Amino acid sequence: MECGTAADLRIDLGALVANYRLIAQRVAPAQVAGVVKADAYGLGAVPVSRALLDAGCRHFFVAHLCEAVELKPHMPQDATLYVLNGLRPGAEAACAGIGAVPVLNALAQIDRWAALARELKRSLPAVVQVDTGMSRLGLTPDELAILRDEPERLDGVDIRLVMTHLACADDPSDQTNADQRSLFDSIAAQFPGVPRSIDNSGGAMAPDVRHGDIVRAGIALYGGAPHDGPNPMAAVVALDAYIMQLRQVPAGAGVGYGLTHRCERPTHVATVSVGYADGWPRHVSGRGSVYIGGIRVPVIGRVSMDSMAIDVTDLPEDLLYPGAPVELLGPHQTIDDVAAQAGTISYEILTRLGSRYERTYLPAILESIEP
Ligand SMILES: *Cc1c(COP(=O)(O)O)cnc(C)c1O
């Protein structure tokens, strides 16, 4: 606020830790890894990882090596950083240098990692990902057959985990999940004794499945619904913008770019301090909502780059003044609600929350250890 930011973003690390514990309880004896890629879905990889570390988490997944480089200094010796997107050709030495564990997604990546291990004359840790149907990343059946016939290609590679990724985990009733799980079971048998990882948030929160040894939780840690329907996760983010200006406009007046909104009645219009450059989706133009004093207020007209208009005609006057808080995310409106308004998913709402906000972290208060 002091330097005049668009809005206040509050990140509740207590809720994050509560979510971590809920997932841990659901998947036990499997462990929960924190997926902290994309700056922990926009919430701050360092403070999020610290809170998870304090709660006992020791496995962290990022997408890119550069994200691992940034996090590494904040990780204790006994924590492991995995790089989901694997190794870009030429990045092997840098990855080994910081002790990050790459997710090897192709035979060529395995070959280059093994070659480096031979060169360094020490074994190098890795995760092997296999494609069980998503057609995104991971070894293909052909590559797995080659590996079976030529196991020496893995010489020097210390496989810490064999993993796959579910395409439809947001819907536990989808048959694809069972198909991918059983295919994975048969493939993983090719790596005897190696711990297994299958589930993201949706898979981790799915009832009646075996979770392998480590689940990779992202969105559910951050309060997003792992599946459609009631959300068992605690909200982690709250975002308050403010009213910049208020005006009374007559019936028939247009509002915003293109004058796409025409007032049907004399209207009290408030201009709010957040727009699409702040990560607020332009797709909520004319159909989104915000809350003032717990009352729903519609977004009218197009969302601008740095502001948007709302219709406050029906609100009590005492809630309306320059500087008045406007809830964009909070007790009345979740990231999933806004995602539905914008025709997207909570992941995109979170990861787009811009860098223009003042961020406040509410600390997690960890239960004291019994004397
Ligand atoms: C991003 C990602 C996750 C985390 O997914 P959520 O749905 O956010 O829990 C897990 N595994 C892989 C491979 C991912 O890319």
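Give the residues of the stretch 180-222 that are touching a Ser or Thr at 6+ places or on another chain (Cβ under 8 Å) and more than 15 Å from the ligand (Cβ to nearest atom), sorted by residue number. If the condition is that a residue be touching a Ser or Thr at 6+ places or on another chain (Cβ under 8 Å) and more than 15 Å from the ligand (Cβ to nearest atom), then Leu183, Ile187 are the ones that fit. Quick check, is Thr260 touching a residue at least 24 places away in the same chain (Cβ under 8 Å) and open to solvent by 70 Å² or more (accessible area, probe 1.4 Å)? It is true that Thr260 is touching a residue at least 24 places away in the same chain (Cβ under 8 Å) and open to solvent by 70 Å² or more (accessible area, probe 1.4 Å).
Okay, residues lined up against (1) surrounded by fewer than 19 Cβ atoms within 10 Å (Cβ to Cβ); (2) free of Cβ contacts under 8 Å to residues at least 40 places away in the same chain:
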| site | (1), (2) |
| --- | --- |
| Arg21 | yes, yes |
| Val32 | no, no |
| Pro47 | yes, no |
| Ala51 | no, no |
| Phe60 | no, yes |
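Considering (1) over 20 Å from Gly223 (Cα atoms); (2) modelled with pLDDT of 95 or more; (3) within 16 Å of the ligand (Cβ to nearest atom), the lone condition that Glu70 does not fulfil carries the number (3).
So, Gly99, is that one open to solvent by 30 Å² or more (accessible area, probe 1.4 Å), away from the ligand (no atom under 14 Å from the Cβ) and either at pLDDT below 95 or within 29 Å of Asp306 (Cβ to Cβ) (or both) or not? No: the conditions fail for Gly99. Do we find that Lys37 is among the basic types (Lys, Arg), open to solvent by 20 Å² or more (accessible area, probe 1.4 Å) and over 18 Å from the mean Cα position of the chain (by Cα) in this structure? So Lys37 does not fit the description; no. Only a single item in (1) surrounded by fewer than 18 Cβ atoms within 10 Å (Cβ to Cβ); (2) in a loop (DSSP other than H, G, I, E, B); (3) of a type outside the set (Phe, Trp, Tyr) is not met by Pro298, and it is number (2).
The condition of being in contact (Cβ under 8 Å) with a residue 24 or more places away in the chain and either open to solvent by 20 Å² or more (accessible area, probe 1.4 Å) or more than 16 Å from the ligand (Cβ to nearest atom) (or both) does not hold for Gln77.
Scanning the stretch 350-366 for residues that are in contact with a Phe, Trp or Tyr (Cβ under 9 Å, 6 or more places away or on another chain), open to solvent by less than 70 Å² (accessible area, probe 1.4 Å) and not hydroxyl-bearing (Ser, Thr, Tyr) gives Leu350, Leu353, Gly354. Evaluate the stretch 194-209: report whether one residue or more is without any contact (Cβ under 8 Å) to a residue 12 or more places away in the chain and more than 18 Å from the chain's Cα centre (by Cα). The answer is yes; a qualifying residue exists.
Each residue in the stretch 146-193 was checked for being among the β-branched types (Val, Ile, Thr), without any contact (Cβ under 8 Å) to a residue 40 or more places away in the chain and surrounded by 19 or more Cβ atoms within 10 Å (Cβ to Cβ), and 2 of them qualify. Across the stretch 257-295, the number of residues qualifying as in a loop (DSSP other than H, G, I, E, B) and β-branched (Val, Ile, Thr) comes to 2. Leu166 passes every criterion in (1) modelled with pLDDT of 95 or more; (2) more than 16 Å from the ligand (Cβ to nearest atom); (3) assigned to a loop (DSSP other than H, G, I, E, B); (4) farther than 24 Å from Arg88 by Cβ apart from (2).
Return the only residue of Pro331, Pro316 being over 30 Å from Ala51 (Cα atoms) and either surrounded by fewer than 17 Cβ atoms within 10 Å (Cβ to Cβ) or at pLDDT below 95 (or both). Selected residue: Pro316, the only one of Pro331, Pro316 that is over 30 Å from Ala51 (Cα atoms) and either surrounded by fewer than 17 Cβ atoms within 10 Å (Cβ to Cβ) or at pLDDT below 95 (or both). Here Asp228 meets each of (1) over 30 Å from Ala96 (Cα atoms); (2) touching a residue at least 12 places away in the same chain (Cβ under 8 Å); (3) surrounded by 13 or more Cβ atoms within 10 Å (Cβ to Cβ) with one exception, condition (3).
The values are calculated or read from the model by the stated rules, or taken from the named source; none is laboratory data. This is a predicted model, so every value here is computed, not measured. Don't worry about glycine lacking a Cβ; one is built from the backbone with ideal geometry, like all the others, and counts go over all protein chains shown. Accessible surface areas use protein heavy atoms only, side chains included; no ligands, DNA or RNA. Shrake-Rupley method; radii C 1.70, N 1.55, O 1.52, S 1.80 Å.
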